[in-house]
Amino acid sequence: MKASQNPNKAAPAAADPDLFMAMDDLKLAAAGLVEGTLHGLHRSPYTGISPEFASHRSYVKGDDLRYINWKLWARQDRLFVKQFDAETNMNLYLFMDATASMGTAHGPADKWRYASRLAAGLAYLALKQRDAPGLCVFNEHLSRFVAPSVAPHQLDMITTVLQEAAPRGETNLHAAMQEALSACKRRGLVILTSDLFDREEEILSGLELVRFHGHEVVVVQVLDPWERKLPDRGTYRFRDLETGRHLVVDVQSIGEVYEKTVASWQRTFKRACEELDITFLSCITTDPLKDLMVSFLSKRMQRA
Amino acid sequence: MGWVTPLFLAGLAAVAIPVIIHLLPNRRQTVETLGTNRFLRLAMRQGRRNLRLKNLLLLLSRMAIVSLLALLFARPFLAEGLPDAEKEGETLVLLDVSGSMDFQMLDVSHAMLAREQAERIVDNLPEGGKVTSAVFGKKVVALDDFGECKLLPGVGTDFAAALRWARDRLDLSEKPYKHLVLVSDLQKSGIPEKQVETRGLDIGVELVKTQAYGTWNAQVSFVRPQTPVYTEEKLIEVGLTVYGHPSEAQAALIVSFDHGQSMSRTVPLETGIVSFYLPMEKPGMLKGVAELEVKDPYVTDNRRFFAFAIKPPVKVLLVDGTPGRKHYEQDAYFLDAALKVTKKNKDVSPYLPCRSRELDDLSDTRIVALCNVASLSADDMEKLALFVSSGGSLIYFLGDSVDVDAYRRITAAGLFPGSLDRLPSGADLFREDSPILEWDASHRALRAFKNRDMGDLSRIRFRGAFSIQTRHKVLARLSNREPAIVEGALGKGRIIVVSNPCNRRWGDWPQERIFLPLIRELFAYLVGRTDSAGEEGTPREVAAMPVDLEDGRPPGIYGADPMVIINPDNAEGVPGALTEAEFRKHFGLPEPVIKKQGASESEEGLHENRERNRELWRYLAVALLVCLFAENYLADRG
């Protein structure tokens, strides 16, 4: 992590949501995020996709006690945990929306920066769990693909791609996911990080397609604070980052209706995801990344 | 509706400001980016109707705020002046018909013009309301219409009486709206000297000020004889009063008598007294008119009627009971001197005292004074009884010569009101002087001594006096409770007893300054004072009165018994008028609330620093607050 250029500037606390946004080094940010998150949890959050028993392995500190084979312990006086098919080499596909709309910034960072740090953290977590993270970055189409791997340099590759990418282009999630699926040979966990500013039916059909291919899907919607709730007063000329169109709005006159419209849209999306057995998480760029990670891991544990 | 400060209505033009702001595009726009404007459009579409309504209400509330501010400063009020048919008001129109209103303007009577003006005011009043017309001078006379008004020259003015009459009249009215119109020249002489209570004059009072007659005037203010006692050549005094700067230096003054004689003189036009000597063959009534021939603005007071009775002096028989060797030792000496005293040289005493030791022929005598007379013979008592019974007057001054027993017979004859009980000897006087302690100041004989500042009878101290037992009226008592002056009567005549001689043997009271006025008052009472009712046997009097609206008679001489002299009110001859503001201030009249209708000659001035009745600013202020709250709510609501 690059040290702060100003030594006089106080270092942000670990719980400070700006902490990981301020880090330029994604790897470091990812490591800090994950370790900080895991430190707060009391058991391994790892769960596999499939519960099929594959073999035993020696118990390591932090393993879930539910998977300890007590009979084997009784016989051999050593602790072994059951391994399942998905315990090793689970593919984690990080689908990253890098369209222009992800460039909105009214918080500590734009949505892309926020999403990329989340992705880096998830990649770090996956590698820590001996899963194989992969990356799909798409604008109007799939622009960058990193195949899942557990190789030691995999995190470097992922973070490099994430740092090099920049939000541009219009959103076409369906086409992008379709293209990404063709590169995802093995089933795994697909985590789509996007603002979901596309036609709902297009997005859902894309997600449906992903599910059809046997992947588990988690949707993390990242919004800018203003995209959820407008400021209290003022007249603004809002520029649509993808279309470039302008709209002059007196926010005081529509703030309440706007907020309700966005909330309604999110609820609709969430219901649709639940119907597809897709985990839906929503956040804004001012939410602490750590809280988002905890929420994600909790959802995973619940699901398991 | 009226406006106190109508200029602020120009502020209504500022209502355009919120409209312009509303129509102007909002230039203060901050450019921001969003991932998508889709939800903005959705929200705007959904809230468009509400937004339009809200913006419209906001615009209207802001326009209302600006309008209400302008109206608030303009201070509207509801007209409560002249009532209209819907309001059912009552209007009093009071026309000043005092003497000062009666002068010529370009050969037209100003009083007539004022009356026509009042008629126009009445004609221009809206139908439906009640109108009362009245004229006023010193009193107020209601009329059916001003056409009935008879203009009397020389009527005095009393604004206070007119305003009180109007107040009382309108207090009785059940009409919701009341208004008073006063048509007058607002002459200063109509203002009372003391502040007059004007309670209840909280109605609209409209002043229609007519023209005053000018800045100078000459008047014949009085005509009088120097003395009412007959002399062969009578001095008549004519008083002239000139106000301001006359345009002429002199004028002819003519005194004309009813018996045909007249006297004239050219006199300078200045305040003063002009004397005329009129030869008179015998006593009698002098009647006539004095006229000043001058072209002044107010001519009514250039003439003055007069009538006075010139009477012969009253013959008083002074019977001296103890004539001394020296004249000043005689009992009648001081009395004689007191009766002869006159105020000025060439003046004639109204009394003709004759001193005698005997009761002479009483045929021409009016009063008999018995000064320390010891007794009366039977013939004298009979003579006196007839004299007094027929209307003559008798006065006793008791002294050391008085025979108490003889006076018992005089008492029995009814000629003495009481009985004498004690005769003090020359050496047995009071241990100390006994002053007059109390006296009946309500009695006509002693009315002049009502106020001690005018005459203190307690300065009279008797060293000795008779004790008189009486049931008759005691006019004065000494400090030892003994009567000092007693009054009695016999037939038509009066009898007075003074329990002390009119000399210096029983006190020094003849040398007191109070002696002369007391003697003159007692003798005047015995003769018979001026009394409007006229007592039988007393000289006929002349009643003087000013021109009166209710009486209706113009200046002149009327009647014979009693004779009435009517002259114009001298106060009307004093030029000078108040301004409307001064008049209002003097009587505490409220300002008018509306611009009056009908009488277009004068305009009421509105005073901005005084609140009108029925101003609407309170309601406008409440409405403004409501609009401010509404605007604030709509603006914050979003």
* Near B:LYS585, which aspartates and glutamates are there with a Cα under 14 Å away, not counting those fewer than 8 places off in the same chain? -> B:GLU197, B:ASP202, B:GLU206
* To do: Could you tell me what fraction of 2.2 N^0.38 Å the Cα radius of gyration of the protein assembly as shown comes to, as a two-decimal ratio?
  => 2.11
* Structure fact -> Ranked output for segments B:436-445, B:619-628 by mean other Cβ atoms within 10 Å, highest leading, reads B:436-445, B:619-628
* For B:THR36, which sequence-distant residues (separation of 5 or more, or a different chain) have an amide H within less than 5 Å of its own amide H, given hydrogens modelled in the peptide plane? -> A:LEU241
* Asked: In whole Å, how far is the Cα centre of segment B:482-530 from that of segment A:87-116?
  -> 138
* **segment B:356-415, relative contact order [Cα under 8 Å, separation at least 6], %** => 44
* To do: Could you pull out every residue, at least 5 positions away or on a different chain, whose amide H is within less than 5 Å of the one on B:TYR298? Hs are placed 1.01 Å off N in the peptide plane, and Pro or chain starts have none.
  => B:ALA218
* Asked: Which far-off residues, 5 or more places away or on another chain, put their amide H under 5 Å from the one on A:VAL217, with H placed in the peptide plane?
  -> A:VAL190, A:THR279
* Asked: On average, how many beta carbons from a partner chain sit within 10 Å of the beta carbon of a residue in A:227-233?
  -> 3
* **Ascending count of other beta-carbon atoms within 10 Å, so fewest first, for B:ILE557, B:ILE410** => B:ILE557, B:ILE410
* **Paired Rg and Dmax values of segment A:95-203, which use every Cα atom, in angstrom** => 13.3, 39
* Distance from segment A:151-170 to segment B:130-177 (C-alpha centre basis), Å -> 109
* Asked: Can you pull the mean other chain C-beta count within 10 Å for peptide A:262-269?
  -> 1
* ³J(HN,Hα), Karplus 6.51/-1.76/1.60, whole Hz, each residue of segment B:91-96, x for Gly, Pro -> 10, 9, 10, 9, 9, 6
* To do: Determine the shape class of segment B:369-508: with a ≥ b ≥ c the square roots of the Cα gyration tensor eigenvalues, call it rounded for a/c under 1.5, and otherwise prolate if a/b is greater than b/c, oblate otherwise.
  => oblate
* How far is helix B:110-123 tilted, in degrees, relative to the longest principal axis of the Cα atoms in chain B, given as a value from 0 to 90 rounded to the nearest 10? -> 40
* Using alpha carbons only, how many degrees (0 to 90, rounded to 10) separate the axis of helix B:159-172 from the longest principal axis of chain B? -> 60
* **10 Å Cβ neighbours from other chains, averaged over peptide A:237-248** => 5
* Asked: In sequence order, what are the phi-derived ³J(HN,Hα) couplings for segment B:221-230 according to the Karplus relation 6.51 cos²θ - 1.76 cosθ + 1.60 with θ = phi - 60°, rounded to whole Hz, with x for glycine and proline?
  -> 8, 7, 9, 8, x, 4, 8, x, 8, 5
* Asked: Rounded to the nearest 20 Debye, what is the dipole magnitude of chain B about its Cα centre when Lys and Arg each give +1 and Asp and Glu each give -1 at the C-beta?
  -> 3040
* Asked: Counting each DSSP H run of 4 or more residues in chain B as -39500 (n - 2.57), what helix-only mean residue ellipticity at 222 nm follows after dividing by all residues, to the nearest 500 deg cm²/dmol?
  -> -7500 deg cm²/dmol
* Structure fact -> In vacuo Debye sum over C-alpha of chain B, base-10 log of normalised intensity I(q)/I(0) at q = 0.05, 0.06, 0.07 Å⁻¹, listed in q order, is -0.46, -0.58, -0.70
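FYI, it's all coordinate maths here, none of it is from the lab. Note that the structure is a prediction, hence the values are computed from the model and not measured. As a convention, Cβ positions derive from the backbone with ideal geometry for all residues, glycine included, and neighbour counts pool all protein chains shown.
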